[in-house]
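The values are calculated or read from the model by the stated rules, or taken from the named source; none is laboratory data. Quick caveat: nothing in here was measured; it's all calculated off a predicted structure. We place every Cβ from the backbone using ideal geometry, glycine too, and count neighbours over all the protein chains shown. Note: areas computed on protein heavy atoms with side chains; ligands, DNA, RNA excluded. Shrake-Rupley method; radii C 1.70, N 1.55, O 1.52, S 1.80 Å.
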Amino acid sequence: MYDWQKEYKLVQHTPLIHFQHSEPHACLRATEVKPKLDRFLIEQLEKDDRFGDGRWKKWFVGDGSQQSFDYMMRITPNSEQVERTHSIERAIARAEHRPPNANLHEIHKNYFGNMASGNNIQDIIRETFKESLFYKDGLTLTIRCFIPELLTFIDEHIRGFFMMHNFGTRQRKGFGSFTVDISTKPNEPKGFDLVGKYCPNAYYCKLDGNVNADALLDAVWVISAFLRSGFNRGEGNYVRGFVFRYFQREKNPLANDKAFVKQQVLHNVYNEATRGEHLHPYGNNVRYRYVRGLLGTNENSRFCRAPRGGTREDRTVHNIYIHSAEGVERFPSPLLFKPIGKFVFILPQKMPDEIFGSEFYILEKNQEEKYDSKATSDQKLNYLKQECKNRMIKTPTAEELAPGAKSGDEALKMFLDAFTKDFNDKTSDKGGGYGIDDLTSRDVFPAKYLRLRPVLRT
């Protein structure tokens with residue numbers, strides 16, 4: 001090994017959803033890894049007293065305006081054997097033969113969500129699905145750098161970097177998880193040490209028995225479902241997402257974005273269907289908030305309404321579209337799920353200040369078409385503010401998320417603490433009159449034995 005080169009074996013834990021999955025040599029891309037590594041290194045350098053003189057800023061390529069460090073990276077498979085774990089053909093076959101009361105979660109819980117239903121399943125799959133790649137023999141990362149101090153610093157933090165990041169599509173949901181192999185270096189810090197160092201507010205759960213990638217992703221899905229969306233698998237298997245229940249804890253609770261859509265956006269549909277019944281208990285003094293927006297914003301969503309006495313097959317699907325007035329249209333989830341071995345770590349990310357109290361507009365299809373017809377971003381914004389005033393909803397403030405919190409990050413920690421307590425309580429009502437132990441759907445089975453714990457105990 002040359003003094004200016006280092007090699008690391010990468011262990012793959014979950015499938016990588018690759019945007020060029022059909023290419024014969026598709027692999028973890030250096031063009032994705034290097035910019036993330038550069039940003040991570042800058043964060044560590046800014047906190048490191050050894051480099052308080054700023055000399056590290058001379059390690060950038062060129063004039064430093066791109067903040068790209070001067071080293072080369074190459075990633076290669078250790079063998080040509082790659083498992084294409086979820087093919088398009090398999091996805092379609094499983095969709096066509098799914099049970100009548102199932103949905104696309106039966107195909108791939110963390111990939112599809114609720115993107116497709118009814119007769120358009122095949123089209124949605126063909127348009128959106130990407131195969132996932134899994135290299136059982138791992139990958140080799142080669143870094144060549146002629147700045148000794150920079151190469152040493154990379155070596156110091158490369159294990160922490162891979163512990164804190166996933167790659168490819170759906171990376172926040174646990175796909176594309178890699179770590180640096182330390183099996184031949186017993187003195188290197190282990191996973192818990194790395195998480196404790198780089199993300200002290202993290203949580204984890206441990207799976208029992210023989211664990212594979214599917215089991216890890218199933219655990220991610222069930223935790224995410226209890227946290228954000230909830231799920232409905234028929235009689236006795238209804239759970240409201242914790243984020244909805246959390247904001248009803250106060251004497252003066254907040255109504256959520258689902259209630260807002262039903263009352264303010266699709267009010268004709270829902271009011272007629274419920275014969276004028278109120279859909280929220282707050283009367284006319286209601287405060288709506290886009291509560292799910294704090295856990296990641298969407299561009300669109302789907303609301304399904306079955307007629308009174310009807311079945312799932314009779315339901316009507318209503319598409320709605322979500323736009324930001326403040327440039328945070330694609331705010332990602334502040335939680336990254338990191339599956340490794342028998343563990344799933346929940347790694348809180350930094351909460352940007354602009355996500356709190358931010359304005360969003362929720363539109364129906366006809367309004368979305370008018371919005372799209374506007375030529376400039378200013379015209380689009382004017383249309384939202386002038387023509388869609390009654391479709392505006394804000395995300396909660398940091399104070400609304402966690403009263404007394406001194407920062408957005410602290411508010412997120414307090415929220416996660418509350419969720420952990422709720423998830424670990426397997427007997428209390430989760431919004432449908434049932435505790436976790438009472439649920440019978442096979443989708444929820446992992447929740448019965450998973451237990452969340454803080455990585456660092458205080």
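Okay, here's what the table says:
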item: Selection count, segment 400-432, where residues are open to solvent by 50 Å² or more (accessible area, probe 1.4 Å) and under 17 Å from residue 227 (Cα atoms); result: 7
item: Subset tally (residues that are over 13 Å from residue 40 (Cβ atoms) and touching a residue at least 40 places away in the same chain (Cβ under 8 Å)) for segment 150-165; result: 3
item: Complete set of residues in segment 311-348 that are more than 30 Å from residue 381 (Cβ to Cβ), assigned to a loop (DSSP other than H, G, I, E, B) and at pLDDT below 80; result: 311, 315
item: Scan of segment 47-69 for residues that are under 33 Å from the mean Cα position of the chain (by Cα), over 16 Å from residue 149 (Cβ atoms) and charged (D, E, K, R), ordered by number; result: 47
item: Helices (runs of 4 or more DSSP H) (entirely within segment 384-456) containing at least 3 residues that are more than 23 Å from residue 294 (Cβ to Cβ); result: 445-449
item: Any hit, segment 361-372, residues being of a type in the set (S, T, N, Q) and free of Cβ contacts under 8 Å to residues at least 24 places away in the same chain; result: yes
item: Selected residue [surrounded by fewer than 19 Cβ atoms within 10 Å (Cβ to Cβ), modelled with pLDDT of 65 or more and either basic (Lys, Arg) or more than 17 Å from residue 321 (Cα to Cα) (or both)] from 276, 236, 283, 241; result: 236
item: Residues satisfying the stated conditions in segment 57-80, i.e. of a type in the set (Asp, Glu) and open to solvent by 100 Å² or more (accessible area, probe 1.4 Å); result: 63, 80
